[in-house]
Amino acid sequence: ANELFKNGNYYTGTYEGAYSYWIGAQDTSILYFGPGSYSGAFTFVHEFGHYYADKYTNGISMSYDLAETHSQGDEMLFLSYVEDHLPKEVLREIYPAIYYDNLFNMFAIIMLATAVDEFEYCVYNNVTPDGAPTTYKAKDYDKLFLSIMSSYGIAGSLNSSYWRFVVIEAPCYYISYAMSALPCIELL
């Protein structure tokens, strides 16, 4: 992390999001963080997992599952590190909230990303969640995603518009978030 701040490849801005990006022509990786929660400690640790992997593999393309395991694994390792390094009085007061918030977020992404994967499968193959042939129109997408979320028992507790934020920008990517989060929880 100190190297990242020394080399100046850390950027902030108003665009909502956080990401790492390998610039082959410059033989370097950069990190970007947007406002609000996009510049929080665990987001930094997550993106740093990508940065570190890019930096020390010279941007070699790897599976999304492995790339997300680097970043989500960093989050879980950082959670463990925080537990070991907070002063005892602070640990008792705030660590349970930090721990359970991060676990909730990891389980939520598993459920949401799995729902997104099923949603994409249905839309791309023109089938219902039960496998029956159908034809979807744009007006059907919200209802489809909500029905998939309902089948997982998460419709009332997680963001039913989540698909809108991810399937256009990164189709077929979010299943990697779900698949990589599972071993990362075990890592914790």
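In this label model, Phe104 and Ser80 are separated by 2.4 nm, measuring between points 7 Å along each Cα→Cβ vector. Separation of segment 61-100 from segment 109-153 is 31 Å, based on Cα centroids. Relative to the longest principal axis of the C-alpha atoms of the chain, give the angle of the C-alpha long axis of helix 64-85, reported between 0 and 90° and rounded to the nearest 10°. Compared with the principal axis, the helix lies near 50 degrees.
Once the Cα-Cα distance is subtracted from the 0.36 nm per residue extended length, the Tyr141 to Asn125 segment shows a gain of 4.4 nm.
At a Cα cut-off below 22 Å, give the lysines reachable from Lys139, other chains included and same-chain residues fewer than 8 away excluded. Output for Lys139: empty list, no partners.
Throughout, read-outs are computed from the coordinates displayed, never taken from laboratory work. Keep in mind that what you see is a predicted model, and the values were worked out from it rather than measured. Glycine also receives a Cβ, built like all others from the backbone with ideal geometry; neighbour counts cover every protein chain displayed.
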